[in-house]
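> Here's a structure for you.
Throughout, read-outs are computed from the coordinates displayed, never taken from laboratory work. Keep in mind that what you see is a predicted model, and the values were worked out from it rather than measured. Cβ sites come from the backbone with ideal geometry, for glycine too, and all protein chains shown count toward neighbours.
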Amino acid sequence: MRAAVIERYGEPPVLRQRDEPNADGANLVEVTAAPLNPVDLSIATGKFYAGSPPTPYVPGGEGVGRPLQSGKPGPRVYFRAALPDGSLAERALISSGQTVPIPDSVPDGVAAALGTPGIAGYLALTRRAQLKAGETVLILGASGVLGTIAVQVARLLGAGRVIAGARDPRGLARAKDLGAHATVDLKQTDGLTDRIREASGGQLHVVIDPVWGVPGVAALEAMSPNGRFVQLGQSASPEAVVKSGAVRGRYLSILGYTTFLVPWEEQAAAYRKLADHAAAGQIKVEFEILPLEAAPDAWKQQAASPHRKLVLSPQARP
């Protein structure tokens, strides 16, 4: 079968012919769409905190496909892949039966995007922040796929005011189209805390932060008493200088989030909710379907933050 293979840590995958995964039919899936995620690139460095498979291996921790039943493809599902036989291939291994049915009306590209970033955005708002109806929430990194989904989820959860923060002007305009009440340009760091306070109307209860660094600190300092700050990424910087008084003086909660520590049942329930919203036209995501042969170039695009979900498909023509 064709597969994108990581042959050396730190290098993009290359297209190779590889033996089909050795598994019984219940665990084998015919892949129709395999999204790229930042975590795939982190694992491929060989220095990922949760470990990396030995090379060579097929990357891709999730996908959309049809499980093989008696050699024939069954109904379409979202699945978690079992490395080293990941989703960037014609066939992959399903991890521990981790699949969720996908409504027929949800396209492969959208279904793929709702996985890693969608689940993280949804559970950051619900499981960790416990967003309440009427509250004001700031979504940082709102031009990315996670941020785009989180803006829409916040509206669906009944947030009273949703602010989108990002560096990309087009991404900010799109966030406004998707329901954000106000936007904040994160490129200009001078006076950023004041601009966040102005955009939030002086009340900021929840921050969803996949960026950290200077923007994260500015948002933290703009929060209201008893606010909840959910940290789930470091696209701006892995480090930040936070003053003690900013946290203790307003009784703030800083809450870490990683999907790795969430039970699969809760992840699956979140994915079902997102898929139902997408089927109803309530969640929209920008994506680009690329042939499997484009994996090396798509890998480089993902490293540069493409602001859309890149999805590799073995069925797409080069």
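Residue-wise test of (1) in a helix (DSSP H, G or I); (2) hydrophobic (A, V, I, L, M, F, W, C).
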| residue | (1), (2) |
| --- | --- |
| Ala154 | yes, yes |
| Gly179 | no, no |
| Thr193 | yes, no |
| Gln203 | no, no |
| Ala218 | yes, yes |
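> Something else: Mind listing whichever residues of the stretch 123-150 are more than 20 Å from Leu310 (Cα to Cα) and either of a type in the set (Val, Ile, Thr) or assigned to a helix (DSSP H, G or I) (or both)?
Leu123, Ala124, Leu125, Thr126, Arg127, Arg128, Thr136, Val137, Ile139
> Which of the residues that make up the stretch 192-249 are over 26 Å from the mean Cα position of the chain (by Cα) and small (Gly, Ala, Ser)?
If the condition is that a residue be over 26 Å from the mean Cα position of the chain (by Cα) and small (Gly, Ala, Ser), then Gly201, Gly202, Ser224, Ser244, Gly245, Ala246, Gly249 are the ones that fit.
Each row is one residue, and each column tells you yes or no for (1) closer than 30 Å to Ala182 by Cα; (2) within 17 Å of the chain's Cα centre (by Cα).
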{"site": "Gly74", "(1), (2)": "no, no"}
{"site": "Phe79", "(1), (2)": "no, yes"}
{"site": "Val110", "(1), (2)": "yes, yes"}
{"site": "Ala113", "(1), (2)": "yes, yes"}
{"site": "Ile119", "(1), (2)": "yes, yes"}
{"site": "Leu131", "(1), (2)": "yes, no"}
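> Could we say that Ser87 is hydroxyl-bearing (Ser, Thr, Tyr) and under 17 Å from Tyr271 (Cβ atoms) here? Lay out the reasoning, then the answer.
Working: hydroxyl-bearing (Ser, Thr, Tyr): yes; under 17 Å from Tyr271 (Cβ atoms): yes.
It is true that Ser87 is hydroxyl-bearing (Ser, Thr, Tyr) and under 17 Å from Tyr271 (Cβ atoms).
> List the strands (runs of 3 or more DSSP E) that sit entirely inside the stretch 1-113 and contain at least 1 residues that are in contact (Cβ under 8 Å) with a residue 24 or more places away in the chain and crowded, with 23+ Cβ neighbours inside 10 Å. Don't jump to the end; show me each part of the working.
Numbers: elements: 2-5, 14-17, 28-35, 62-69, 77-81, 91-101.
So the answer is 2-5, 28-35, 62-69, 77-81, 91-101.
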